[in-house]
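The values are calculated or read from the model by the stated rules, or taken from the named source; none is laboratory data. The structure presented is a predicted model; accordingly, all values stated were derived computationally and were not measured. Don't worry about glycine lacking a Cβ; one is built from the backbone with ideal geometry, like all the others, and counts go over all protein chains shown.
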Amino acid sequence: MLFGGNVGKGNFDALGSFGPISNGKLDATSANVLCLLYQFATGNVPSSLSGVLELPLQVVTNAAGKLNPVFTNSGCPLKIV
């Protein structure tokens with residue numbers, strides 16, 4: 001299954017590289033999925049989604065502040081708040 005979205009009739013744009021997603025494909029180990037969820041909650045969104053989803057910096061900083069203690073030992077690169 002590819003991750004991405006339609007950008008026109010018959011034109012699918014797969015995500016290039018975002019965390020454990022590479023060439024539109026997810027390396028679906030439990031650690032990778034956990035880190036991907038953390039990145040979605042606290043990080044910047046891929047440029048292909050930026051027109052759809054744009055979170056205010058305060059929301060992202062607040063989410064990272066709440067989630068960092070939970071994810072400290074997960075092996076995920078944590079966002080500095």
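Structure summary
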| read-out | value |
| --- | --- |
| Filter result for L37 (in a loop (DSSP other than H, G, I, E, B), modelled with pLDDT under 85 and surrounded by 10 or more Cβ atoms within 10 Å (Cβ to Cβ)) | no |
| Subset of region 47-71 (residues that are under 15 Å from L37 (Cβ atoms) and at pLDDT 75 or above) | A63, A64, K66, L67, N68, V70, F71 |
